[in-house]
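Before any comments, here is the structure.
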Amino acid sequence: MRRKRTLSFGVVALLSIPSFSLAAPTKEQRAQLEVDRARAMRAADEDGRAGARAYLEHLKDGLDTEDESAIVGAAAALDELAGLHCPSSLGKEAPDFCAPLSKISCDVKRLAAERSLRRADKAQSDEEKAEAPTHYERAARLYLSLAPNEACGRTAELYYNASHALRAARKLGPAVQALEQLLKVGGDAKLEALSLHELGGIFQAVGEYDRSASYYERFAARFPTDAEAPSALLDATVLRLGLSQRTSAEKNADLFLKVYGAKRREEAARVSFALAADAMEKESADPAVVKRSLDRATKTMDALALPYRLQLHVLVARDARTRGKTNDARAELVKVRGAEKALSTTGRGADSEMAMRELGKGLSAVGEATFLLARMDDQSAKRPALAAPKKGSALDSWVQGSLSKWLDERNKGEDAIEKTYASILDIQPAPPPRWVVEGAAEVARIRIDVVRDLMKTRVDIARALGNEQAAAFDAAMEPSIARAEAAARKYFDLSAKLEWRGERHVMIERWFARRSKKPFHQVVEMFAPPGFVPGMSLAPPDPVRK
């Protein structure tokens, strides 16, 4: 999720205010200003108003715009003058005087807010930094106090700058309210665009993803030509997917493809791929939704980088398997398996983070394709049946004949399947951890299945030849049991080393706990679902601070 805009606090309104001179006033100008102020405050009569007019006239040159205390004093004086000479909210007593007074009062308070922000921004010492939030809040209060006054004008700027001052003061709630109020009053398209986009970022950073997506969608719909609109719409799509709001996500994706698809083909392809991947991961997904998502994604497949194309081929293969089209699935998986060498040259710079991510995705796709090809061979393999010796027959001759033949044939088939699973370890430049572990789990499972078939036969032997003969049969099972235990140990070692818990972890652990001759403590309540195990950080990145 990208937040590209970086604006300094008050960038919109912190400009030179035209009502005042930026040159430092002389002593005479300051003195005259005090004389006029005193005269204006004597009484609400013509002489007082004449003094007030003179005060306003001399304020442009007599106010030190770099002296914060002088600006605050002038703002207070103007409030007093307004209360004395213009008590009516409409200034009916002297409209030719009250209107300019209100306008200049707005300018002085803007200037006071600017100086408070500047003082907070320039904080260097620990003491100054501790006081900075107070100055930011003071600036925000001044901006917000001016916003309802129509005479001040530029209302949207006032709310925008108030919001940024409040965010600097770590007052996120009031800052959001200021931006929302800006959207209500409107009047400035540029600031409305900024506000919608920033509200989306704020709510995304605090985890209110539904509100974040709503603001991103409003922003992209209202300002489709803004440079940030495409990425905002993509963010909204991803957030909707994360919230399982697939209908809204598809609506956003369709809008992105319609408005930006021609010029931003790779991003359009990636959003289509994201929808397809999400549809495939949902166990309860409607097959029609899956097909629609995959069709949309495959149309834009050529615009994807190689790693994402490989992932999409795997998704298509998985869907084909679900629909019973085994040959189609195998064809897609073979394409992925054959692209391993091309991955070493993919990415945007050999040492870049993006290149490593893309390489990892590509290797994971190759690993999954290899795993699925092995599983398809595994599931379609015809395993020989083992018939127990008949009642009254000799166990030794049966072991040396029928059992020996069965073990040779069974192990030959399992060896071929194991070799395919084990080939995941040969993927270069690095085997994908998840599929290495899942492959090891399947190898353990097929070796355990051999032992289980032998155990079923042992039961039949006990019935036909008695328990003594069944006990004698145990020695014939030992090599198969030892092989299954070795496969299970290899799985456990890889699972711990690569920090991944396979789908068959619980089954393998339970079998090993029963069969192992050495102590093996199984803690059922600690079982975790398949996936990453403790030791690997899955924390999201820190939100971008404005």
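Bear in mind these aren't lab numbers, they're just calculated from the coordinates by the rules spelled out. What you are looking at is a predicted structure, and each value in this text was computed from that prediction instead of being measured. Cβ sites come from the backbone with ideal geometry, for glycine too, and all protein chains shown count toward neighbours.
Arranged by the count of other C-beta atoms within 10 angstrom, fewest first, what order do Ser105, Ser352, Ser214 take?
Ser352, Ser214, Ser105
Could you line up Asp278, Asp235, Asp254 from fewest to most neighbouring Cβ atoms inside 10 Å? Don't jump to the answer; show the numbers that get you there.
On the way: Asp278 22, Asp235 25, Asp254 16.
By the 10 Å Cβ count, ascending: Asp254, Asp278, Asp235.
Given just the C-alpha atoms of the stretch 294-385, how large is their convex hull per residue in cubic angstrom? Please list the in-between numbers first.
On the way: hull volume 9.1 nm³, N = 92.
Spread over its residues, the Cα hull of the stretch 294-385 gives 99 Å³ apiece.
Which entries of Lys391/Lys412; Lys263/Lys361; Lys325/Lys390; Lys335/Lys497; Lys171/Lys361; Lys282/Lys325 show an alpha-carbon separation above 32 angstrom in the structure shown?
Numbers: Lys391/Lys412 29 Å; Lys263/Lys361 25 Å; Lys325/Lys390 42 Å; Lys335/Lys497 30 Å; Lys171/Lys361 40 Å; Lys282/Lys325 20 Å.
In this structure, Lys325/Lys390; Lys171/Lys361 exceed 32 Å between Cα atoms.
Neighbour counts of other C-beta atoms within 10 Å: give me Lys412, Lys251 arranged from fewest to most. Kindly include the intermediate steps, with their values, before the conclusion.
Values: Lys412 9, Lys251 15.
The fewest-first ordering by Cβ neighbours comes to Lys412, Lys251.
For the stretch 160-225, what log10 I(q)/I(0) values come out of the Debye formula at q = 0.13, 0.18, 0.23 1/Å, with one point per alpha carbon and no solvent?
Rounded to two decimals, the profile gives -0.31, -0.60, -0.96.
Run the numbers for Val334 and Ser404: contour at 0.36 nm per residue of separation, minus the present Cα-Cα distance, in nm.
Details: separation 70, 0.36 × 70 = 25.20 nm, distance 3.56 nm.
Here the answer is 21.6 nm.
Show me, for the stretch 115-122, the HN-Hα J-couplings you get by feeding each phi into the Karplus relation (A = 6.51, B = -1.76, C = 1.60, θ = phi - 60°), rounded to Hz, glycine and proline as x.
5, 5, 5, 4, 5, 5, 5, 8
Where in the stretch 416-443 does the label zone of Asp377 land, with the point 7 angstrom along Cα→C-beta and an amide N cut-off under 12 Å?
416-424
Could you tell me whether the stretch 390-532 comes out rounded, prolate or oblate from its Cα gyration tensor? Rule is a ≥ b ≥ c as square roots of the eigenvalues, rounded for a/c under 1.5, then prolate if a/b exceeds b/c, otherwise oblate.
Details: a/c = 3.37, a/b = 1.76, b/c = 1.91.
Taking the square roots of the gyration eigenvalues as a ≥ b ≥ c, the stretch 390-532 is oblate.
Report the gain in length on full extension from Glu503 to Ala464: 0.36 nm times residue separation, minus Cα-Cα distance, nm rounded to one decimal.
Numbers: separation 39, 0.36 × 39 = 14.04 nm, distance 3.76 nm.
Full extension of this stretch gives 10.3 nm more.
Taking 0.36 nm per residue of separation and subtracting the Cα-Cα distance, what length does fully extending Asn327 through Lys282 add? Walk me through the intermediate numbers first.
On the way: separation 45, 0.36 × 45 = 16.20 nm, distance 2.38 nm.
Here the answer is 13.8 nm.
Given a Förster radius of 60 Å and the C-beta distance between Glu46 and Ala355 as r, what FRET efficiency does 1/(1 + (r/R0)^6) yield to the nearest 0.05?
Details: r = 79 Å, r/R0 = 1.32.
Using R0 = 60 Å, I get an efficiency of 0.15.
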